[in-house]
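The values are calculated or read from the model by the stated rules, or taken from the named source; none is laboratory data. Worth saying up front: this structure is predicted, and the values here are computed from it rather than measured. Note: ideal-geometry Cβ built from the backbone for every residue, glycine included; neighbour counts use all protein chains shown. Please note that ligands, DNA and RNA were not included when accessible areas were found on the heavy atoms of the full protein model with its side chains. Shrake-Rupley method; radii C 1.70, N 1.55, O 1.52, S 1.80 Å.
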Amino acid sequence: MRFEISKVLDAIEGRLTTDPKLARAVLDLAEVVRYVDFDGGRPATLLRLGMVVDALGRQLAEENVPVYVVVHRALLSDADLTSNERMVVRRWADDGVVEVLPNPGERVLEVADLLGLPVLSRSRFDNAVGRYPWLADQPGRLLAPVPAAGGPALVAQVGGGHEPTSAAPSPVGVQLLGRMWRCPDPECSSFGSMRVGRSGGQPPPTLRTGMPTCPRHDERLTDAGHRPRAELLSVRIDGMVRRRFVVAADEPVVVGRAPEGGGIILGQWLTDEARRWISRSHVRFELQGSELVAHDVSTNGTGVRPGGSTDDDQRETLKRQARPLGPTDVVELYAGVQIGRSRLWQTGGVANPTSVMAEAPTMAIRIADR
Ligand SMILES: [Zn+2]
(Lines give C-alpha, C1' and ligand atoms only; values in the text may rest on other atoms or scores of the structure.)
Protein backbone atom coordinates (compact mmCIF):
# COMPACT_ATOMS: atom_id res chain seq x y z
CA MET A 1 0.00 0.00 0.00
CA ARG A 2 2.85 2.37 0.71
CA PHE A 3 3.66 2.94 -2.91
CA GLU A 4 0.13 3.93 -3.85
CA ILE A 5 -0.18 6.16 -0.82
CA SER A 6 2.98 8.04 -1.67
CA LYS A 7 1.63 8.58 -5.19
CA VAL A 8 -1.55 10.05 -3.71
CA LEU A 9 0.52 12.31 -1.46
CA ASP A 10 2.48 13.47 -4.51
CA ALA A 11 -0.79 14.26 -6.28
CA ILE A 12 -1.97 16.21 -3.24
CA GLU A 13 1.36 18.06 -3.10
CA GLY A 14 0.67 19.29 -6.64
CA ARG A 15 -2.36 21.15 -5.26
CA LEU A 16 -0.60 23.01 -2.46
CA THR A 17 0.32 26.64 -2.90
CA THR A 18 0.86 29.78 -0.88
CA ASP A 19 0.81 31.88 -4.05
CA PRO A 20 -1.87 34.55 -3.50
CA LYS A 21 -2.87 34.47 -7.16
CA LEU A 22 -3.30 30.71 -7.42
CA ALA A 23 -4.85 29.65 -4.10
CA ARG A 24 -8.63 29.07 -4.23
CA ALA A 25 -9.36 28.39 -0.55
CA VAL A 26 -7.60 28.30 2.84
CA LEU A 27 -7.67 25.49 5.37
CA ASP A 28 -6.04 24.30 8.58
CA LEU A 29 -4.40 20.93 8.01
CA ALA A 30 -4.50 19.90 11.69
CA GLU A 31 -8.30 20.15 11.54
CA VAL A 32 -8.85 18.46 8.18
CA VAL A 33 -6.71 15.37 8.86
CA ARG A 34 -9.07 14.51 11.75
CA TYR A 35 -12.34 14.31 9.79
CA VAL A 36 -12.75 10.68 10.84
CA ASP A 37 -16.35 10.63 9.62
CA PHE A 38 -15.09 10.86 6.01
CA ASP A 39 -13.90 7.26 6.08
CA GLY A 40 -14.17 5.83 9.61
CA GLY A 41 -10.43 5.21 9.57
CA ARG A 42 -7.44 6.31 11.64
CA PRO A 43 -7.66 9.30 14.01
CA ALA A 44 -5.61 11.37 11.54
CA THR A 45 -4.50 10.91 7.94
CA LEU A 46 -3.26 13.21 5.20
CA LEU A 47 -5.51 11.43 2.73
CA ARG A 48 -8.43 13.49 4.09
CA LEU A 49 -6.71 16.60 2.74
CA GLY A 50 -7.00 14.98 -0.68
CA MET A 51 -10.71 14.40 -0.14
CA VAL A 52 -11.25 18.06 0.73
CA VAL A 53 -9.20 19.19 -2.28
CA ASP A 54 -11.38 16.95 -4.47
CA ALA A 55 -14.55 18.39 -2.94
CA LEU A 56 -13.36 21.91 -3.78
CA GLY A 57 -12.55 20.89 -7.35
CA ARG A 58 -15.98 19.32 -7.82
CA GLN A 59 -17.72 22.39 -6.50
CA LEU A 60 -15.68 24.78 -8.65
CA ALA A 61 -16.08 22.35 -11.59
CA GLU A 62 -12.44 22.92 -12.40
CA GLU A 63 -9.30 20.80 -12.72
CA ASN A 64 -6.13 21.29 -10.66
CA VAL A 65 -7.56 23.61 -8.03
CA PRO A 66 -4.87 24.54 -5.46
CA VAL A 67 -5.38 25.28 -1.76
CA TYR A 68 -3.47 27.38 0.79
CA VAL A 69 -2.71 25.11 3.72
CA VAL A 70 -1.79 26.37 7.19
CA VAL A 71 -0.12 23.77 9.43
CA HIS A 72 0.32 23.87 13.20
CA ARG A 73 3.93 22.93 13.90
CA ALA A 74 2.76 20.34 16.44
CA LEU A 75 1.38 18.29 13.53
CA LEU A 76 4.97 17.57 12.43
CA SER A 77 5.33 15.35 15.48
CA ASP A 78 1.72 14.17 15.80
CA ALA A 79 1.79 10.44 16.54
CA ASP A 80 -1.67 10.00 14.97
CA LEU A 81 -0.04 10.48 11.55
CA THR A 82 2.21 7.74 10.16
CA SER A 83 5.93 8.42 10.20
CA ASN A 84 5.75 8.62 6.42
CA GLU A 85 3.00 11.25 6.62
CA ARG A 86 4.98 13.30 9.14
CA MET A 87 7.98 13.15 6.84
CA VAL A 88 5.85 14.34 3.91
CA VAL A 89 4.47 17.30 5.88
CA ARG A 90 8.03 18.21 6.87
CA ARG A 91 9.03 18.14 3.21
CA TRP A 92 6.07 20.32 2.27
CA ALA A 93 7.14 22.74 5.00
CA ASP A 94 10.75 22.83 3.80
CA ASP A 95 9.62 23.40 0.22
CA GLY A 96 7.35 26.22 1.35
CA VAL A 97 4.24 24.73 -0.28
CA VAL A 98 2.45 24.85 3.08
CA GLU A 99 2.78 27.40 5.86
CA VAL A 100 3.97 25.84 9.12
CA LEU A 101 3.45 28.01 12.16
CA PRO A 102 4.27 27.64 15.86
CA ASN A 103 0.94 29.26 16.68
CA PRO A 104 -1.49 29.52 13.75
CA GLY A 105 -4.17 31.28 15.86
CA GLU A 106 -6.36 33.01 13.34
CA ARG A 107 -3.89 32.80 10.45
CA VAL A 108 -6.45 30.92 8.33
CA LEU A 109 -8.91 33.79 8.73
CA GLU A 110 -6.21 36.40 8.19
CA VAL A 111 -5.08 34.79 4.93
CA ALA A 112 -8.69 34.46 3.78
CA ASP A 113 -9.28 38.13 4.60
CA LEU A 114 -6.10 39.44 2.96
CA LEU A 115 -6.58 37.36 -0.21
CA GLY A 116 -10.40 37.31 -0.41
CA LEU A 117 -10.55 33.52 -0.29
CA PRO A 118 -13.12 31.13 1.14
CA VAL A 119 -12.23 29.19 4.32
CA LEU A 120 -12.82 25.44 4.45
CA SER A 121 -13.54 24.58 8.09
CA ARG A 122 -16.13 23.08 10.39
CA SER A 123 -15.44 25.80 12.94
CA ARG A 124 -17.93 28.68 12.94
CA PHE A 125 -15.40 31.22 14.26
CA ASP A 126 -18.15 32.99 16.21
CA ASN A 127 -15.58 34.98 18.19
CA ALA A 128 -13.99 36.35 15.02
CA VAL A 129 -17.08 37.67 13.23
CA GLY A 130 -16.50 41.17 14.64
CA ARG A 131 -13.07 41.34 13.04
CA TYR A 132 -14.04 39.47 9.89
CA PRO A 133 -17.66 40.41 9.09
CA TRP A 134 -17.56 38.39 5.84
CA LEU A 135 -17.77 35.25 7.98
CA ALA A 136 -21.40 36.14 8.66
CA ASP A 137 -22.25 38.32 5.65
CA GLN A 138 -20.95 36.38 2.68
CA PRO A 139 -22.33 32.90 2.12
CA GLY A 140 -19.68 30.82 0.46
CA ARG A 141 -16.74 32.38 2.34
CA LEU A 142 -17.00 29.76 5.12
CA LEU A 143 -17.67 26.22 3.96
CA ALA A 144 -17.72 23.08 6.08
CA PRO A 145 -16.35 19.89 4.49
CA VAL A 146 -18.90 17.19 5.34
CA PRO A 147 -19.40 13.56 4.34
CA ALA A 148 -21.79 13.09 1.43
CA ALA A 149 -22.81 10.47 -1.09
CA GLY A 150 -20.18 10.41 -3.82
CA GLY A 151 -17.46 11.87 -1.60
CA PRO A 152 -17.11 14.78 0.82
CA ALA A 153 -18.92 17.99 -0.06
CA LEU A 154 -18.62 21.61 1.05
CA VAL A 155 -21.63 23.25 2.69
CA ALA A 156 -21.86 26.96 3.41
CA GLN A 157 -22.22 27.58 7.14
CA VAL A 158 -24.18 30.78 6.59
CA GLY A 159 -27.24 31.03 4.39
CA GLY A 160 -26.93 27.50 3.01
CA GLY A 161 -25.69 26.77 -0.48
CA HIS A 162 -22.53 25.16 -1.73
CA GLU A 163 -20.77 27.72 -3.90
CA PRO A 164 -17.27 28.63 -2.75
CA THR A 165 -17.06 32.40 -3.15
CA SER A 166 -14.00 34.55 -3.57
CA ALA A 167 -13.86 38.28 -3.03
CA ALA A 168 -11.32 40.96 -3.82
CA PRO A 169 -8.31 41.07 -1.47
CA SER A 170 -8.96 43.36 1.51
CA PRO A 171 -7.51 46.90 1.28
CA VAL A 172 -4.71 45.87 3.65
CA GLY A 173 -4.16 42.77 1.53
CA VAL A 174 -3.77 44.94 -1.57
CA GLN A 175 -1.10 47.02 0.19
CA LEU A 176 0.79 43.99 1.51
CA LEU A 177 0.62 42.15 -1.82
CA GLY A 178 1.94 45.17 -3.69
CA ARG A 179 5.36 44.79 -2.04
CA MET A 180 8.03 42.14 -1.64
CA TRP A 181 9.02 41.29 1.93
CA ARG A 182 12.22 39.95 3.46
CA CYS A 183 12.62 37.82 6.57
CA PRO A 184 15.85 38.21 8.60
CA ASP A 185 16.31 34.46 8.04
CA PRO A 186 17.68 34.18 4.47
CA GLU A 187 16.50 30.57 4.26
CA CYS A 188 12.94 31.38 5.32
CA SER A 189 10.74 29.36 2.95
CA SER A 190 8.25 32.22 2.66
CA PHE A 191 10.28 35.44 2.76
CA GLY A 192 13.93 34.41 2.55
CA SER A 193 16.36 36.00 0.11
CA MET A 194 17.44 32.49 -0.92
CA ARG A 195 14.04 31.83 -2.41
CA VAL A 196 14.67 32.60 -6.05
CA GLY A 197 12.27 32.12 -8.91
CA ARG A 198 9.09 32.45 -6.88
CA SER A 199 9.09 36.18 -6.35
CA GLY A 200 5.58 36.77 -7.61
CA GLY A 201 4.20 34.00 -5.49
CA GLN A 202 5.27 35.26 -2.09
CA PRO A 203 2.55 34.65 0.54
CA PRO A 204 1.00 37.50 2.51
CA PRO A 205 2.82 38.58 5.71
CA THR A 206 0.96 38.38 8.99
CA LEU A 207 0.24 41.60 10.82
CA ARG A 208 1.46 41.96 14.42
CA THR A 209 0.40 45.25 15.97
CA GLY A 210 -0.01 46.51 12.44
CA MET A 211 3.50 45.57 11.32
CA PRO A 212 4.21 43.06 8.51
CA THR A 213 5.72 40.04 10.25
CA CYS A 214 6.98 36.61 9.21
CA PRO A 215 4.32 34.20 10.51
CA ARG A 216 6.86 31.38 10.63
CA HIS A 217 9.69 33.15 12.48
CA ASP A 218 7.72 35.86 14.26
CA GLU A 219 10.25 38.42 13.04
CA ARG A 220 9.54 41.84 11.57
CA LEU A 221 9.79 41.82 7.76
CA THR A 222 11.57 44.49 5.78
CA ASP A 223 10.14 46.01 2.61
CA ALA A 224 12.12 44.77 -0.41
CA GLY A 225 10.43 46.92 -3.02
CA HIS A 226 7.62 46.54 -5.52
CA ARG A 227 6.27 43.07 -6.13
CA PRO A 228 6.72 42.22 -9.81
CA ARG A 229 3.46 42.51 -11.71
CA ALA A 230 1.77 39.23 -12.53
CA GLU A 231 -1.15 38.02 -14.64
CA LEU A 232 -3.30 34.99 -13.86
CA LEU A 233 -4.13 32.90 -16.95
CA SER A 234 -6.25 29.79 -17.51
CA VAL A 235 -5.93 26.88 -19.91
CA ARG A 236 -9.37 25.99 -21.28
CA ILE A 237 -9.79 22.98 -23.50
CA ASP A 238 -13.13 22.29 -25.18
CA GLY A 239 -14.85 24.54 -22.65
CA MET A 240 -13.22 23.02 -19.58
CA VAL A 241 -10.74 24.91 -17.40
CA ARG A 242 -7.85 22.51 -16.87
CA ARG A 243 -5.50 24.68 -14.87
CA ARG A 244 -4.42 28.20 -14.04
CA PHE A 245 -0.92 29.64 -14.13
CA VAL A 246 0.83 32.89 -13.33
CA VAL A 247 2.99 34.94 -15.67
CA ALA A 248 5.13 37.34 -13.61
CA ALA A 249 7.24 40.24 -14.84
CA ASP A 250 10.42 38.28 -14.22
CA GLU A 251 9.03 34.86 -15.17
CA PRO A 252 7.82 34.21 -18.74
CA VAL A 253 5.91 30.95 -19.22
CA VAL A 254 6.01 28.61 -22.22
CA VAL A 255 2.92 26.56 -23.05
CA GLY A 256 2.88 23.58 -25.37
CA ARG A 257 2.45 19.85 -25.76
CA ALA A 258 5.48 19.25 -23.51
CA PRO A 259 7.78 22.30 -23.27
CA GLU A 260 11.44 21.59 -22.77
CA GLY A 261 12.89 23.15 -19.67
CA GLY A 262 9.56 23.45 -17.89
CA GLY A 263 6.35 25.23 -18.61
CA ILE A 264 2.70 24.34 -18.96
CA ILE A 265 2.24 20.83 -20.36
CA LEU A 266 -0.97 20.34 -22.35
CA GLY A 267 -0.29 16.87 -23.80
CA GLN A 268 -2.39 14.96 -21.29
CA TRP A 269 -5.58 16.80 -22.29
CA LEU A 270 -5.20 16.79 -26.08
CA THR A 271 -6.81 14.72 -28.81
CA ASP A 272 -4.47 12.97 -31.26
CA GLU A 273 -5.13 15.66 -33.88
CA ALA A 274 -4.36 18.45 -31.40
CA ARG A 275 -1.21 16.64 -30.26
CA ARG A 276 0.05 16.49 -33.84
CA TRP A 277 -0.68 20.17 -34.43
CA ILE A 278 0.60 21.68 -31.21
CA SER A 279 4.38 22.00 -30.85
CA ARG A 280 6.26 20.80 -27.78
CA SER A 281 6.91 24.48 -27.04
CA HIS A 282 4.14 26.42 -28.74
CA VAL A 283 3.62 29.88 -27.31
CA ARG A 284 5.45 31.99 -24.73
CA PHE A 285 3.66 34.44 -22.48
CA GLU A 286 5.55 37.34 -20.98
CA LEU A 287 4.92 40.68 -19.36
CA GLN A 288 6.46 43.66 -21.13
CA GLY A 289 5.84 46.78 -19.09
CA SER A 290 2.11 46.83 -18.50
CA GLU A 291 1.34 44.50 -21.40
CA LEU A 292 0.81 40.76 -21.53
CA VAL A 293 2.42 39.53 -24.74
CA ALA A 294 1.96 36.21 -26.57
CA HIS A 295 4.99 35.14 -28.58
CA ASP A 296 4.52 32.29 -31.06
CA VAL A 297 7.40 29.81 -31.00
CA SER A 298 5.58 26.96 -32.78
CA THR A 299 5.74 25.18 -36.13
CA ASN A 300 2.10 25.76 -37.09
CA GLY A 301 1.41 29.17 -35.60
CA THR A 302 -0.69 30.50 -32.74
CA GLY A 303 -4.20 31.91 -33.14
CA VAL A 304 -5.53 34.97 -31.35
CA ARG A 305 -9.25 35.62 -31.03
CA PRO A 306 -9.66 39.37 -30.36
CA GLY A 307 -12.14 39.91 -27.54
CA GLY A 308 -12.65 36.15 -27.40
CA SER A 309 -14.55 36.34 -30.69
CA THR A 310 -16.02 33.04 -31.92
CA ASP A 311 -16.02 34.39 -35.49
CA ASP A 312 -13.28 32.52 -37.36
CA ASP A 313 -12.91 35.43 -39.81
CA GLN A 314 -11.58 37.57 -36.96
CA ARG A 315 -9.07 34.96 -35.79
CA GLU A 316 -5.51 36.18 -36.32
CA THR A 317 -2.51 33.89 -36.66
CA LEU A 318 0.92 34.63 -35.23
CA LYS A 319 3.84 33.03 -37.06
CA ARG A 320 6.93 33.47 -34.93
CA GLN A 321 5.52 36.86 -34.00
CA ALA A 322 4.65 38.55 -30.73
CA ARG A 323 1.40 40.34 -30.02
CA PRO A 324 0.16 42.22 -26.95
CA LEU A 325 -3.10 40.78 -25.64
CA GLY A 326 -6.09 42.95 -24.77
CA PRO A 327 -7.96 42.13 -21.55
CA THR A 328 -10.45 39.81 -23.27
CA ASP A 329 -8.29 38.42 -26.09
CA VAL A 330 -8.03 34.66 -26.22
CA VAL A 331 -5.03 32.73 -27.54
CA GLU A 332 -5.85 29.52 -29.41
CA LEU A 333 -3.21 26.87 -30.07
CA TYR A 334 -5.61 24.55 -31.87
CA ALA A 335 -9.40 24.56 -32.25
CA GLY A 336 -10.81 24.60 -28.71
CA VAL A 337 -7.39 24.73 -27.00
CA GLN A 338 -7.42 28.19 -25.48
CA ILE A 339 -5.59 30.40 -23.02
CA GLY A 340 -6.96 33.61 -21.60
CA ARG A 341 -7.08 35.65 -18.43
CA SER A 342 -8.70 33.57 -15.70
CA ARG A 343 -11.40 36.12 -14.97
CA LEU A 344 -12.87 35.50 -18.46
CA TRP A 345 -14.06 32.05 -17.41
CA GLN A 346 -15.91 32.15 -14.12
CA THR A 347 -17.13 28.58 -14.22
CA GLY A 348 -14.77 25.70 -14.82
CA GLY A 349 -17.15 23.55 -16.86
CA VAL A 350 -15.67 20.25 -15.66
CA ALA A 351 -18.33 17.76 -14.56
CA ASN A 352 -15.89 15.31 -12.93
CA PRO A 353 -12.50 16.85 -12.18
CA THR A 354 -9.64 14.37 -11.93
CA SER A 355 -9.29 13.22 -8.34
CA VAL A 356 -6.01 13.52 -6.44
CA MET A 357 -7.13 10.24 -4.86
CA ALA A 358 -7.16 8.41 -8.19
CA GLU A 359 -4.18 6.26 -7.19
CA ALA A 360 -5.59 5.39 -3.78
CA PRO A 361 -6.70 1.78 -3.43
CA THR A 362 -10.08 1.84 -1.70
CA MET A 363 -8.66 -0.03 1.24
CA ALA A 364 -5.65 2.23 1.67
CA ILE A 365 -7.75 4.83 3.35
CA ARG A 366 -8.83 2.43 6.09
CA ILE A 367 -5.70 0.44 6.64
CA ALA A 368 -3.39 1.58 9.42
CA ASP A 369 -0.21 2.19 7.47
CA ARG A 370 2.30 1.94 10.26
ZN1 LIG B 1 10.67 33.91 8.06
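Rounded if a/c is under 1.5, else prolate if a/b beats b/c, else oblate: with a ≥ b ≥ c from the C-alpha gyration tensor eigenvalues square-rooted, which is the stretch 220-370? Oblate shape, in that a/c is at least 1.5 and b/c is the bigger or equal ratio. Axis of helix 47-60 versus longest Cα principal axis of the chain: the two differ by about 50°, to the nearest ten degrees. Of the trypsin sites (Lys or Arg not before Pro) in the stretch 87-162, not one is in a loop by DSSP (not H, G, I, E or B) with at most 10 other beta carbons within 10 Å. Against the chain, whose longest principal axis comes from its Cα atoms, helix 83-95 is set at around 50 degrees.
Against the longest alpha carbon principal axis of the chain, how many degrees, from 0 to 90 and to the nearest 10, is the axis of helix 2-13 turned? Taking the Cα atoms of the chain, the angle to 2-13 is about 70 degrees. So, counting K/R as plus one and D/E as minus one, what does the shell of residues with Cβ under 12 Å around Gly57 add up to? Net of charged neighbours comes to +2. Surface exposure of the chain, expressed per residue as accessible area with a 1.4 Å probe, stands at 44 Å².
On the chain, 50 percent of the accessible area sits on carbon and sulfur atoms, based on a 1.4 Å probe.
Computed per residue of the chain from DSSP H runs no shorter than four, each worth -39500 (n - 2.57), the mean residue ellipticity at 222 nm is -5000 deg cm²/dmol.
Separation of the stretch 15-68 and the stretch 286-338, taken as the distance between their Cα centroids, equals 35 angstrom.
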